[in-house]
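All remarks here apply to the structure that follows.
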Amino acid sequence: MSIYPSAKFVTSAAEARQLAPDSGREVAFAGRSNAGKSSAINAITERAALARVSRTPGRTQLINFFELAPGRRLVDLPGYGFAKVPEQVRARWLALMEHYFDVRESLAGLILIVDSRRGLGEQDAAMLEWGRARARPAHVLLSKSDKLNRRDRLAVLRETAAALSGAAVTVQLFSAHARHGVEEARAVLERWLDS
Ligand SMILES: Nc1nc2c(ncn2[C@@H]2O[C@H](COP(=O)(O)OP(=O)(O)O)[C@@H](O)[C@H]2O)c(=O)[nH]1
Ligand SMILES: [Mg+2]
């Protein structure tokens, strides 16, 4: 059985006025499109299809809100980084993200999904900067770690930790497919939702 048996979709926001009510606590998941965000959400919540794993990356420009328990939400932020989107779509994404980080009192922390084969990119750094500017903690999942051998896994973990040293950001290896690091990630989510 799921650890969040009553987890359910709440609402999607395409623009600022559509955000879920800003009460209780929520943890936001962000990442480059196709980084493995939906797979991570499903693995961590033990809900096979809470967030849809996408075969057409970059289509959704929505903030999706899920209620894990009363007053405790998980937020699936729209992915970024895909090449073929019109400038207008990119600008809307930016405005929506800036608004979200600006106003969101209930935001308890940010979980950033970074493909372990790519490492931290510019837009990932921008997301972390938004969290830092609002004094929100962040935790990086180096995803799809099953695709790397042991040596490369440890190298990317070390490099990322070094790049983030000094910031209030923690980092771990993660694989939704191999179920690696799921407990560790869930512990972070629960700590932020509970404190
Ligand atoms: N090998 C491997 N592939 C993964 C893993 N997590 C996600 N993927 C694949 O990466 C692609 C994008 O995953 P998805 O969760 O939809 O990414 P999102 O766009 O960030 O939400 C899909 O083809 C997934 O099957 C993982 O842990 N290991
Ligand atoms: Mg997704």
Given the structure, is SER106 over 18 Å from SER175 (Cβ atoms) and either at pLDDT 95 or above or crowded, with 20+ Cβ neighbours inside 10 Å (or both)? yes
How many residues does the stretch 142-164 hold that are under 21 Å from PHE29 (Cα atoms) and not aliphatic (A, V, I, L, M)? 5
Positions within the stretch 42-51 being open to solvent by less than 30 Å² (accessible area, probe 1.4 Å) and more than 8 Å from ligand 2 (Cβ to nearest atom), in sequence order: ASN42, ALA43, ILE44, THR45, LEU50
Of all residues in the stretch 166-195, which are closer than 19 Å to ASP152 by Cα, away from ligand 2 (no atom under 16 Å from the Cβ) and outside any strand (DSSP E or B)? ALA178, ARG179, GLY181
So which of VAL75, VAL89 is β-branched (Val, Ile, Thr) and farther than 16 Å from GLY31 by Cβ? VAL89
Collect the residues in the stretch 73-99 that are in contact (Cβ under 8 Å) with a residue 24 or more places away in the chain and farther than 23 Å from LEU128 by Cβ, keeping them in residue-number order. LYS84
Just wondering, is there one or more residues in the stretch 164-174 that are over 18 Å from the mean Cα position of the chain (by Cα), over 30 Å from GLY71 (Cβ atoms) and modelled with pLDDT of 95 or more? no
So is GLY119 touching a Pro at 6+ places or on another chain (Cβ under 8 Å), surrounded by 14 or more Cβ atoms within 10 Å (Cβ to Cβ) and at pLDDT 95 or above or not? no
Give the number of residues within the stretch 154-189 that are open to solvent by 70 Å² or more (accessible area, probe 1.4 Å), at negative phi and of a type in the set (D, E, K, R). 4
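Matching residues to (1) within 16 Å of ligand 2 (Cβ to nearest atom); (2) in contact with a strand residue (DSSP E or B) (Cβ under 8 Å, 6 or more places away or on another chain); (3) without any contact (Cβ under 8 Å) to a residue 40 or more places away in the chain; (4) over 27 Å from TYR4 (Cα atoms):
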{"residue": "ALA28", "(1), (2), (3), (4)": "yes, yes, no, no"}
{"residue": "GLN61", "(1), (2), (3), (4)": "yes, no, no, no"}
{"residue": "ASP115", "(1), (2), (3), (4)": "yes, yes, no, no"}
{"residue": "PRO137", "(1), (2), (3), (4)": "no, yes, no, no"}
Could you check the stretch 63-88 and list, in sequence order, the residues that are within 16 Å of ligand 2 (Cβ to nearest atom) and at pLDDT below 90? GLY81, PHE82, VAL85
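The values are calculated or read from the model by the stated rules, or taken from the named source; none is laboratory data. From a predicted model like this one, the values you see are computed outputs, not experimental measurements. Every residue, glycine as well, gets a Cβ built from its backbone with ideal geometry; the counts of neighbours run over all protein chains shown. These area figures cover heavy atoms from the full protein model, side chains too; ligands, DNA and RNA do not enter into them. Shrake-Rupley method; radii C 1.70, N 1.55, O 1.52, S 1.80 Å.
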